[in-house]
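The values are calculated or read from the model by the stated rules, or taken from the named source; none is laboratory data. Treat the numbers as computed from the prediction; the structure is a model and nothing was measured. Every residue, glycine among them, receives a Cβ derived from its backbone with ideal geometry; neighbour counts consider all protein chains shown. Accessible surface areas use protein heavy atoms only, side chains included; no ligands, DNA or RNA. Shrake-Rupley method; radii C 1.70, N 1.55, O 1.52, S 1.80 Å.
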Amino acid sequence: MASQVALKAAVAIVVVAAMVGGACCHPPKVPPGKNVTAACDGKWLDAKGTWYGKPTGAGPDDNGGACGYKDVNKAPFNGMAACGNVPIFKDGLGCGSCYEIKCDKPAECSGEPVVVYITDMNYEPIAAYHFDLAGTAFGAMAKKGEEEKLRKAGIIDMQFRRVKCNPGNTKIAFHVEKGCNPNYFALLVKFAAGDGDVVKVEIKESGAKEYVPLKHSWGAIWRLDSPKPIKGPIAVRLTSEGGTTIEQEDAIPEGWKADTIYTSKIQF
Ligand SMILES: *[C@@H]1O[C@H](CO)[C@@H](O)[C@H](O)[C@H]1NC(C)=O
């Protein structure tokens, strides 16, 4: 009897630890699911949901993450941020994509879908699909007033589906990354809506006739190393997963500077 009680207590400790830590305690390893694409629109899939950071925070303490965004606590993300696992984060191509998420159990779940943005990655092999959510986003799946109680569950079964992002009137923004110089150009593409991930980023320098593709670097960042100085104004052309192409002349001005955001006039 005593040993059974002790065993039960030990199991309870492991379970609680797994809930609190998320990554700890050797959870069963599950291979990741198939890449989720915009073509998956409309179909609900099962996932595990966990959360991290401050209970009502946006995830990482610095409001950043593996996509390179620096302000996921602000609009349009507003803390509705998620670390997607491999088939959702897709090495960064999934950055900024949107998902409806909801849960039915435990009882605190409202069952009503809420929209989250992929802003970060998680590589914990605990489920085919796994959203490690900002505290705010996890709580948003709860009935009103029961957010804190739902967060206490730590890990839950949830459902998700890919949806088009609708960042309101926000246009796509280009952040010329810190450390850029005339021979090294790195562009973070932010707030893309419409039919899926940005799969191609090209630029056309002042005076050039042809667009040149940037290489996907990491997160939502695309780069170009050039033996000759990259001259502005620079036109930018984006292609989405659904094959839509949009472009803007003079997206980046002549005297462009590193660590600067250039707001565009375009959106998918
Ligand atoms: C999933 O996406 C990643 C990142 O784009 C890619 O490298 C990988 O080949 C994709 N896998 C499949 C099965 O399409």
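The table that follows gives values for the structure above.
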item: Scope the stretch 233-253; condition in a loop (DSSP other than H, G, I, E, B), in contact with a Ser or Thr (Cβ under 7 Å, 6 or more places away or on another chain) and modelled with pLDDT of 95 or more; matching residues; result: P233
item: Tally, over the stretch 69-92, of residues that are within 16 Å of the ligand (Cβ to nearest atom) and in contact (Cβ under 8 Å) with a residue 60 or more places away in the chain; result: 3
item: Failed criterion for A47 (all others in (1) more than 16 Å from the ligand (Cβ to nearest atom); (2) within 11 Å of the chain's Cα centre (by Cα) hold); result: (2)
item: Entirely in the stretch 37-143, the strands (runs of 3 or more DSSP E) that have 3 or more residues that are within 30 Å of T260 (Cα to Cα) and open to solvent by 10 Å² or more (accessible area, probe 1.4 Å); result: 114-121
